[in-house]
1. Return the residues of region B:88-97 that are more than 12 Å from ligand 1 (Cβ to nearest atom) and under 20 Å from B:Leu221 (Cβ atoms); say none if nothing qualifies.
2. Suppose we filter A:Val139, A:Val117, A:Val144, A:Val113 for residues that are surrounded by fewer than 16 Cβ atoms within 10 Å (Cβ to Cβ), touching a Pro at 6+ places or on another chain (Cβ under 9 Å) and at pLDDT 75 or above; which single one remains?
3. Select from region A:174-203 the residues that are within 14 Å of chain B (Cβ to nearest Cβ) and without any contact (Cβ under 8 Å) to a residue 60 or more places away in the chain and write down the one among them that is surrounded by the most Cβ atoms within 10 Å (Cβ to Cβ).
4. Name the residues in region B:81-102 that are facing chain A (nearest Cβ under 7 Å), of a type in the set (S, T, N, Q) and not in a helix (DSSP H, G or I), would you?
5. Quick check on my filter: what residues within region B:169-197 are more than 14 Å from chain A (Cβ to nearest Cβ) and open to solvent by 60 Å² or more (accessible area, probe 1.4 Å)?
6. For B:Pro251, indicate whether it is open to solvent by 10 Å² or more (accessible area, probe 1.4 Å) and either touching a Lys or Arg at 6+ places or on another chain (Cβ under 7 Å) or of a type in the set (A, V, I, L, M) (or both).
7. State which residue pairs qualify: first residue in contact (Cβ under 8 Å) with a residue 40 or more places away in the chain and among the small types (Gly, Ala, Ser) and inside region B:271-294, second residue open to solvent by 30 Å² or more (accessible area, probe 1.4 Å) and assigned to a strand (DSSP E or B) in any location, beta carbons under 7 Å apart, and separation of 6 or more residues or different chains.
8. Being more than 10 Å from every other protein chain (Cβ to nearest Cβ) and either open to solvent by 10 Å² or more (accessible area, probe 1.4 Å) or of a type in the set (Phe, Trp, Tyr) (or both) is the filter here, so list the residues in region B:106-117 that pass it.
Amino acid sequence: MTILAELPTPAPTRAAAPVARPSFAARIRRAAPPYLYLAPALVLLVVWTYRPLAQAVRLSFHTWNLLPTSPITEVGLANYERLLSTPDLGASVWRTVLMVLGILPFSLVIPVVVGLVAARVRGRIYQAMIFAPMLVAPVAAAAVWQWLLDPGAGAVNRVLGVRANWLHDTDLALLTIIVVTGWHIVGFAVLVVSAGLSGINPDYADAAAMDGASRGRITRWITLPLLSPTMAFLVLMTVLLSAQWTFPLIDTLTQGGPSDATTNIYYLLWDYGFHSYDAGLGAAAGVIFFVGFGLIAVGVVALSDRVSHHDD
Amino acid sequence: MFRAGSSGTVQIRPVSAIQVEKLTQRFGAVAAVDDVWLDIADGEFMVLLGPSGCGKSTLLRMIAGLLPPTEGRVLIDGVDVTHAPPQGRDLAMVFQSYALYPHLSVARNIGFPLRARDMPKRAIEAKVADVAAALDLAALLDRRPRELSGGQRQRVALGRALVRDPGAFLMDEPLSNLDAKLRAGTRAELSALHDRLGATFVYVTHDQIEAMTMATRIALLNNGRLEQVGTPEQVYDEPASTFVAEFLGTPPMNLLDVTLRSGVATAPGVTVRLDLPDRDLILGVRPEHLQLTTGDEAMLRGHVTRVENLGSEEVAICAVGAATVRVRARRPIGPRAGDTVALRADRFHLHLFHPETGRRLVPLTHQEISCVS
Ligand SMILES: Nc1ncnc2c1ncn2[C@@H]1O[C@H](COP(=O)(O)OP(=O)(O)OP(=O)(O)O)[C@@H](O)[C@H]1O
Ligand SMILES: [Mg+2]
């Protein structure tokens, strides 16, 4: 009778050699390059961002009038108490919120509409035209706008046929700042939207067309949902950066006026520090805004992760 | 996998015939599709076959209406739809990338064509459940496409096409992302699906096995032009050109440049009796039709340079003069590397091609030879 044996699985043909451990120097040599590449950026970050941040936090617990010869005295939480007791802070936060809301149409709505239309009519020249304002330095643009908005001889009033005092009327100044800032960033936002749109695989729209969806429905059901990461990014940018975008225009056109109508949080901070020479108060405002924006950023990022659909 | 749901997935469908007339697509100077004429009968499984870049996808996209042709017409059931948008053609398409909507669940993906037709929600759900059951997707309906394997995505893409009753199915290399085993299984399922639905299929692939196993007819494309249209048997047994002869078969047909003088075609290592007038031509013979011989009937003489093992068969690669000839036979084939070999084939297994155009030469009478037009 034949006895059947099971075929063994392939066995090791020789003893496994111990894995040689590289020397300490060799391991350092292998691990170092990534850190060396990062070093210049890290140095700049530390020197220009983290060190001033730490100094601002320290300064917010002191009082100082910015004169190198005058003493820096510790005052504990007094700066924060003073800040929270004035109505200025709340009012400037509210005006900042208005600016964010006013800029959103320019940074989100118009760019998405323009991007969707431009995706149908292709042409570099249109994109270049729309992007041009972004290349103009804010302060230079402000000078031109000041001239255009002049209540007497300005081109804007002449074209519109009105006699409005765009920059020195309390009802109009905020709107003017919003529109000029919007004009400034709309090109950048259109570029971001076009990049987002061109990143969407055209197969989806083709598939939807084959499936019988009309063009409007393809936009609503396919394109816009797939564009949501881009739109979330633009919202985040607007919320976090509107106060910065508006700052150079406020500083050159209205100096926060008339009667604080255009004072947003950054202008308030700057005003405390460099007009009132109250470095401690300015630093305290800076720390509060830093923490506030940090929390908002975390919130918006979490929210956008939830609502946005990634095309993978 | 594609079980016929008793609940009514299978029904009489409106089946479309597709005609393509003089269809041309130019991208700048290059013609991606060049003067293609094709009649696809209703219920046919037409495979567009050709190497990468030969214009298969471009042709399919023009039939779909996703790409307006530079020239020519597309007719569906006799109606000119050349300028109709894809929405108006009643065709379903499975994309090579599957193009599943990444933000929608499997159920919403499959139901999308019905939603686009404003079908009531209830009816959509019922229909989606039907299709999902037939495709074995019922457990995956709430998943997003990125949470699916390649094979599951492929079935969802198919489900999205099957959920409505289109006039024809267009498929662009739907199996190319699957592994070999899954591909073989899905091939059989697609064929079964075609038999059951009786619908028209236009199927793009560069895989000759897919084409040979599934097609009722194959259209071979080369550089945007049609080389041959015929049943799998026709294109394999009577290739209309050297391109078709070399594209089909593993290994492909052996082709030898020979000179025919007084009834004998010769080249270094080649001596073949052909009762035909003097001329130059290309002689073709498939590797499986060559036999080892010892007698004087040898047509080719050379030596073996290598033997490849295919499992059940072996391929001997032989040097015949300056040419390379492959012989395929049951394992063991016999000769080993270095051995000299003599080879023969039956007369009816020899293929003749024009030396310049590469088109097949067929005898008009038993004396004369002419090009296939
Ligand atoms: N939009 C386009 N612009 C310019 N050339 C194109 C365009 N689309 C396709 N082509 C060219 O047309 C030819 C045919 O392309 P097509 O995509 O139809 O090939 P294919 O047969 O589907 O190839 P594959 O098997 O690789 O998918 C190619 O040479 C390709 O480079
Ligand atoms: Mg292709």
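1. If the condition is that a residue be more than 12 Å from ligand 1 (Cβ to nearest atom) and under 20 Å from B:Leu221 (Cβ atoms), then B:Leu91, B:Met93, B:Val94 are the ones that fit.
2. A:Val139 is the lone residue from the list that is surrounded by fewer than 16 Cβ atoms within 10 Å (Cβ to Cβ), touching a Pro at 6+ places or on another chain (Cβ under 9 Å) and at pLDDT 75 or above.
3. A:Asp203
4. Passing the criteria: only B:Ser97.
5. Let us first name the residues in region B:169-197 that are more than 14 Å from chain A (Cβ to nearest Cβ), namely B:175-176, B:178-197.
Of everything in region B:169-197, those that are more than 14 Å from chain A (Cβ to nearest Cβ) and open to solvent by 60 Å² or more (accessible area, probe 1.4 Å) turn out to be B:Asp179, B:Ala180, B:Lys181, B:Leu182, B:Ala188, B:Asp195, B:Arg196.
6. yes
7. So the pair list comes out as B:Gly284/B:Leu255.
8. The answer is B:Ala107, and nothing else.
The values are calculated or read from the model by the stated rules, or taken from the named source; none is laboratory data. Fair warning: this is a prediction, and the values are worked out from it, not measured in the lab. Here the Cβ is made from the backbone with ideal geometry for all residues, glycine too, and neighbour counts use every protein chain on show. Only protein heavy atoms, including side chains, enter the accessible area calculation; ligands, DNA and RNA are left aside. Shrake-Rupley method; radii C 1.70, N 1.55, O 1.52, S 1.80 Å.
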